[in-house]
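Heads up, the thing below is written out as structure tokens.
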Amino acid sequence: MLQTIANAFKVPEIRKKLAFTAAMLLLYRLGAYIPSPGVDLNTVKDIESNFSGNSILGFLNLFSGGSLSRLSLFALGIMPYITASIILQLLTVVVPSLERLQKEGEVGQQKITQYTRYLTVALAFAQSLGYVFLFQSFQNQAGTSVVGTLTFAKVFLIVIALTAGTTLL
């Protein structure tokens, strides 16, 4: 078994793919610890108990690799992309023009993939806006909110950061 792994590293193409995969995993784990701008990290530490157990937040935090509880750049994870893919797959059955695109072969699939990416950005924007207002309701014992006092600029900055994080994934 170790010989097989050693042989895999001798092939340049496999070595390059393994290095790329390792770099992407490192980038994802790093992004899971970079907080979104405007987030009070001390308050986040105080309220982390809300994300444990069988709560819906604990479940969502599990899917984001623990980055939701820190409201990090990758807090949304790949959930918006998965949701967009499912929505478009269902719409291809209902919408005749999408069904035709799906049957066109590779060109149609590329167009559907492009629509999936657009829908992913829209869903990430909506979900991150929802998360900002959800985290606004979380307060520590002193009554301090995770995102502090919300202004339009602060909401916009956090939403753009979370949306960009999802788009990067």
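The values are calculated or read from the model by the stated rules, or taken from the named source; none is laboratory data. Treat the numbers as computed from the prediction; the structure is a model and nothing was measured. Glycine also receives a Cβ, built like all others from the backbone with ideal geometry; neighbour counts cover every protein chain displayed.
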- [ ] Quick one: count up the residues across region 83-105 that are out of contact with any Ser or Thr (no Cβ under 6 Å at 6 or more places or on another chain) and assigned to a helix (DSSP H, G or I).
- [x] 14
- [ ] May I ask you to verify whether T166 is surrounded by 13 or more Cβ atoms within 10 Å (Cβ to Cβ), at pLDDT below 90 and part of a helix (DSSP H, G or I)?
- [x] yes
Open item on the list: Against the condition within 17 Å of the chain's Cα centre (by Cα), under 29 Å from D46 (Cα atoms) and crowded, with 16+ Cβ neighbours inside 10 Å, how does V159 come out, does it pass?
Closed with: yes
Open item on the list: Suppose we filter region 17-36 for residues that are more than 14 Å from the chain's Cα centre (by Cα) and either surrounded by 12 or more Cβ atoms within 10 Å (Cβ to Cβ) or small (G, A, S) (or both); how many remain?
Closed with: 5
Task: Hits in region 117-141 - residues which are at pLDDT 95 or above and among the β-branched types (V, I, T) - done: T120, V121
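Can you tell me which residue is nearest to T163 (Cα to Cα) among those in region 1-38 that are hydrophobic (A, V, I, L, M, F, W, C), assigned to a loop (DSSP other than H, G, I, E, B) and at pLDDT below 85?
Within region 1-38, the first condition is being hydrophobic (A, V, I, L, M, F, W, C), and the residues that meet it are 1-2, 5-6, 8-9, 11, 14, 18-20, 22-27, 30, 32, 34.
Those left that are additionally assigned to a loop (DSSP other than H, G, I, E, B): 1, 11, 32, 34.
So of that shortlist, the ones also at pLDDT below 85 come out as 1, 11, 32.
Details: M1: 42, V11: 37, A32: 14 Å.
Going through the qualifying residues, I end up with A32.
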Open item on the list: Being surrounded by 15 or more Cβ atoms within 10 Å (Cβ to Cβ) and part of a helix (DSSP H, G or I) is the requirement here; does L119 meet it?
Closed with: yes
Task: Odd one out for A84, checked against (1) closer than 22 Å to L27 by Cβ; (2) at pLDDT below 95; (3) in contact with a helix residue (DSSP H, G or I) (Cβ under 6 Å, 6 or more places away or on another chain); (4) of a type in the set (G, A, S) - done: (2)
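Which one of these is aliphatic (A, V, I, L, M), exposed (fewer than 12 other Cβ atoms within 10 Å of the Cβ) and at pLDDT 85 or above: L41, L90? Outline the logic, then answer.
Working: L41 fails: at pLDDT 85 or above.
The unique qualifying residue is L90.
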